[in-house]
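J.: Dumping the structure here so I can ask a few things about it.
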Amino acid sequence: MKINYLTLMVTTYCTLRCAQCALSIPRIDSAHYPFNDIKQSLVRAFSLYDYVEEFMISGGEAILHPQIIKI
């Protein structure tokens, strides 16, 4: 099966308060998702699809995740 795009949300944490933010970030319960949960999600997702045209890492502000390089 092929999908056009897959977005992985790694955090809800963000230091900005953008009015146009679709996720209503920052949230009161802002958090970084644990690396092992992210890894399991990726393994599951890529086992379901033969081809992903576009892959995006997202979140509140994804680069603020303390393990973003590992991700």
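The values are calculated or read from the model by the stated rules, or taken from the named source; none is laboratory data. Being a predicted model, the structure only gives us computed values, none of them experimental. Areas reflect the complete protein model, heavy atoms only, side chains present, ligands, DNA and RNA absent. Shrake-Rupley method; radii C 1.70, N 1.55, O 1.52, S 1.80 Å.
J.: Quick check: anything in the range 54-67 modelled with pLDDT of 90 or more, over 13 Å from Leu8 (Cα atoms), assigned to a helix (DSSP H, G or I) and open to solvent by less than 90 Å² (accessible area, probe 1.4 Å)?
T.: yes
J.: Please count how many residues of the range 17-40 are modelled with pLDDT of 80 or more and open to solvent by 60 Å² or more (accessible area, probe 1.4 Å).
T.: First, the residues of the range 17-40 that are modelled with pLDDT of 80 or more: 31-40.
The next check asks that each one be open to solvent by 60 Å² or more (accessible area, probe 1.4 Å); those that pass are 32-34, 36-37, 39-40.
Final tally of qualifying residues: 7.
J.: So which residues in the range 4-16 are over 15 Å from the mean Cα position of the chain (by Cα) and modelled with pLDDT of 85 or more, if there are any at all?
T.: Of the range 4-16, the ones over 15 Å from the mean Cα position of the chain (by Cα) are 4, 15-16.
Result: Asn4, single match.
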